[in-house]
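Worksheet for the structure shown next.
The values are calculated or read from the model by the stated rules, or taken from the named source; none is laboratory data. Source: prediction; values computed, not measured. Quick reminder, even Gly has a Cβ in these numbers, built from the backbone with ideal geometry, and neighbours come from all protein chains shown. Only protein heavy atoms, including side chains, enter the accessible area calculation; ligands, DNA and RNA are left aside. Shrake-Rupley method; radii C 1.70, N 1.55, O 1.52, S 1.80 Å.
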Amino acid sequence: ALGLAVVTVDRLADMYVLALFAALGVAHYSAVLGDVVRITAWLGVAAAALGPLGLLLPGVAEAVLGRLYRRLSGGGEGLDQYLSTTRSLVRPVLVATVALTLAAFGLNYVQGTLLAAALHTPLKLWDVTCLMAIASLLSLLPVTVSGLGVREGFFALVFPSLGYAAVAGVGFGLALFVALNAVLVLCGLIAYMMDPPPTAGTSRPAVGGV
């Protein structure tokens, strides 16, 4: 329960920081976005900000998730422990977690700004921050894999207002996808090769040979 609770708190910080940047981005590009995109983005911001509260309010998650969890787990043991552990972690680590999350998001936005300059479409850091935040939020829609298509379409919509052709926005989106995901894929591949997960009939050796 503790491990799952730690991951949940980390995901909550991601969602709230993303909602903050995305809200600023939608406000910044409000005049450029079409009605459908603007409304969808605002609904996404609201869902990202309000949805996770169900885990933190006593009684809400128990009522909503309890029946489903009992059906999937066959007994329902562990849900109360997971929820109580998650709620107990939020306050002690909230400031540090949000600060580290802000730094991580900021690093991604700086990376995007450098990538735009490398593609000869220099953009201000604030413009890239707003673009990437909204694109990340729209990528959560269950209509794409890793944001492919949605991100590029959004950039193509906004780039003309920044003085560049729509096709430059598509290129920036694809380059951003490779830049942000290639390192993660490479690290995952190296980790898999160094310590592959056990398969049927095998098990990991005990730590220290015990």
Residue-averaged [θ]222 nm for the chain, counting only DSSP H segments that reach four residues, each worth -39500 (n - 2.57): -25000 deg cm²/dmol
At 0.890 mPa s and 25 °C, Stokes D of the chain from Kirkwood alpha-carbon radius, µm² per second: 125 µm²/s
Inter-label distance, nm, simple model (7 Å from Cα along the C-beta direction), VAL178/ASP80: 5.4 nm
Length-normalised contact order of the chain in % [C-alpha pairs under 8 Å, at least 6 apart]: 22 percent
Accessible area of MET15 in the full protein assembly, 1.4 Å probe (Å², nearest 10): 60 Å²
HN-Hα J in Hz across the stretch 138-150 - Karplus 6.51, -1.76, 1.60, θ = phi - 60°, x for Gly and Pro: 5, 5, 6, 4, x, 10, 8, 10, 6, x, 4, x, 5
Carbon/sulfur fraction of accessible area - the stretch 43-141, other protein chains in place, 1.4 Å, %: 70 percent
Length gained when the stretch SER88-VAL32 is fully extended (0.36 nm per residue, less Cα-Cα span): 15.9 nm
Phi-based couplings in Hz for the stretch 161-168 (Karplus 6.51, -1.76, 1.60; Gly and Pro marked x): 6, 9, x, 10, 5, 4, 5, 5
Zone residues, the stretch 109-133, relative to LEU157, backbone N less than 16 Å from point 7 Å out along Cα-to-Cβ: 130-133
Relative contact order (%) - the stretch 43-137, alpha-carbon pairs under 8 angstrom, separation at least six: 21 percent
Sequence ranges 181-189, 25-33, 168-176, ranked by mean other-Cβ count within 10 angstrom, highest first: 168-176, 25-33, 181-189
In order through the stretch 61-67: 3J(HN,Hα) via Karplus (6.51 cos²θ - 1.76 cosθ + 1.60), integer Hz, x for Gly, Pro: 5, 4, 6, 7, 8, x, 5
Area of SER146 that stays accessible when all protein chains are in place (1.4 Å probe, Å², to 10): 70 Å²
The chain, accessible area per residue, ligands and nucleic acids excluded (1.4 Å, Å²): 59 Å²
Point-charge dipole on Cβ atoms (K/R +1, D/E -1) for the chain, about Cα centre, debye to 20: 200 debye
Cα-based helix-to-principal-axis angle, 2-28 vs the chain, degrees rounded to 10: 20 degrees
